[in-house]
Amino acid sequence: MTEQDTEIENAARDRHQLRTLAVAVTTVSVVLFAVAVAIIYAFALNRIWFLHFPLGFYLLAQGLLVFAVFVTFWYVRVQERIDLTRSMNEEIA
């Protein structure tokens, strides 16, 4: 393996790690933002009822957990695409 091949491999690895980091940070940020919004507006949301529960209570008790599960599945799907792209590029190179 030549020095140029090593540099190309390092660049590909760095891009992969950067994309992975960006997706992870985005995922965590979205979930934390949703939690913060639900906490900040909990009292206002409690005026609305959903399934016989105040909406603010329901969001903090169950809604955010369901949202976190959906975001986790989205993250896994995106990460699989990133990994698949990297593996396909390694086969070509």
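Ignoring any ligand, DNA or RNA, what whole percent of the accessible area of region 1-77 comes from carbon and sulfur when the probe is 1.4 angstrom? Numbers along the way, then the final one.
Numbers: 4370 of 6060 Å².
Carbon plus sulfur share of accessible area: 72 percent.
Treating the angle as unsigned and between 0 and 90°, give the value, to the nearest 10°, between the Cα long axis of helix 3-40 and the longest Cα principal axis of the chain.
That helix lies at roughly 0 degrees to the long axis.
Mind listing the long-range amide H neighbours of residue 46? Cut-off is under 5 Å, sequence gap 5 or more, other chains count too, H placed in the peptide plane at 1.01 Å from N.
Long-range HN contacts for residue 46: 56.
In the full protein assembly as shown, how much of residue 51 is accessible to a 1.4 Å probe, in Å² to the nearest 10?
110 Å²
What is the spin-label model distance, in nm, from residue 48 to residue 82 if the labels are put 7 Å beyond Cα along the C-beta direction?
3.3 nm
Mean projection of the alpha-carbon convex hull of the chain over all orientations, in nm²?
7.2 nm²
The values are calculated or read from the model by the stated rules, or taken from the named source; none is laboratory data. No experiment lies behind these values; they were computed from the predicted model shown. Cβ atoms come from the backbone with ideal geometry, glycine included; neighbour counts cover every protein chain shown. The accessibility values were calculated without ligands, DNA or RNA, using every heavy atom of the protein model including side chains. Shrake-Rupley method; radii C 1.70, N 1.55, O 1.52, S 1.80 Å.
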